[in-house]
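Just below is one structure, and these are the notes that go with it.
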Amino acid sequence: MPDVLTAPLVVEFPFTRSLGPVLSAFLTGLRERVVLGIRTRDGRVLVPPAEYDPATGEDLHGLVRTATTGTVTTWAWNPAPRRGQPLATPFAWVLVRLDGADTALLHALDAPGPDAVRTGLRVRVRWAEHRTGAITDIACFEPCPPGTP
């Protein structure tokens, strides 16, 4: 049998993403513990903000502040986090519609187990201790204390 030749293969797509004024403002806001969305012509607030209306393609302007609390719209439990994920312990991936927004933001929810997560759960941002102007400035979401509106 002939020798089989092998070579390592690393699939990657290195690139540098330049940010325009909308995403720059969004990430700068996160550094300052503020979540910004953008209002469309029909009044919807998109979080995270987009430069163009996904429905009409129109340029968007007019950043607005949203709350740092919201509601889980859907979720999936992650029982075995991988290196580089937001949390090292089991957590839920959640879509959270922040109060004052009409779209949902994907992030991690720190919960003790899947029985503690449900659609409609009220959550709040847990800020990273050191913020740099990145989505990781939101360390994760956490359930709001009982009785919180």
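Some points to look at:
- Residues in the range 119-129 that are free of Cβ contacts under 8 Å to residues at least 24 places away in the same chain and assigned to a loop (DSSP other than H, G, I, E, B): Ala128, Glu129.
- Only one of Pro54, Pro49 that is at pLDDT 95 or above and surrounded by 11 or more Cβ atoms within 10 Å (Cβ to Cβ): Pro49
- For the range 91-123, a residue qualifies if it is small (Gly, Ala, Ser), out of contact with any Phe, Trp or Tyr (no Cβ under 6 Å at 6 or more places or on another chain), surrounded by 17 or more Cβ atoms within 10 Å (Cβ to Cβ) and under 12 Å from Val72 (Cβ atoms), and the qualifying residues are Ala104, Ala111.
- Residues within the range 77-90 that are open to solvent by 60 Å² or more (accessible area, probe 1.4 Å) and assigned to a strand (DSSP E or B), tallied: 1
- Inspection of the range 63-71 identifies at least one residue that is out of contact with any Phe, Trp or Tyr (no Cβ under 7 Å at 6 or more places or on another chain), open to solvent by less than 70 Å² (accessible area, probe 1.4 Å) and either farther than 21 Å from Arg97 by Cβ or assigned to a loop (DSSP other than H, G, I, E, B) (or both).
- Enumeration of residues in the range 1-28 that are open to solvent by less than 100 Å² (accessible area, probe 1.4 Å), within 28 Å of Ala139 (Cα to Cα) and without any contact (Cβ under 8 Å) to a residue 12 or more places away in the chain: Ser18, Leu19, Ser24
- Only one of Thr74, Thr136, Thr56, Thr132 that is outside any loop (DSSP other than H, G, I, E, B), closer than 26 Å to Arg39 by Cα and out of contact with any strand residue (DSSP E or B) (no Cβ under 8 Å at 6 or more places or on another chain): Thr136
- Some residue of the range 30-38 being out of contact with any strand residue (DSSP E or B) (no Cβ under 6 Å at 6 or more places or on another chain), within 23 Å of Ile138 (Cβ to Cβ), open to solvent by 60 Å² or more (accessible area, probe 1.4 Å) and not small (Gly, Ala, Ser): yes
- Condition check for Asp59: exposed (fewer than 12 other Cβ atoms within 10 Å of the Cβ) and under 20 Å from Gly20 (Cα atoms): yes
The values are calculated or read from the model by the stated rules, or taken from the named source; none is laboratory data. Quick caveat, the model's predicted, so the values are computed rather than measured. So basically every Cβ, Gly included, is an ideal-geometry build from the backbone, and we count neighbours across all protein chains shown. Please note that ligands, DNA and RNA were not included when accessible areas were found on the heavy atoms of the full protein model with its side chains. Shrake-Rupley method; radii C 1.70, N 1.55, O 1.52, S 1.80 Å.
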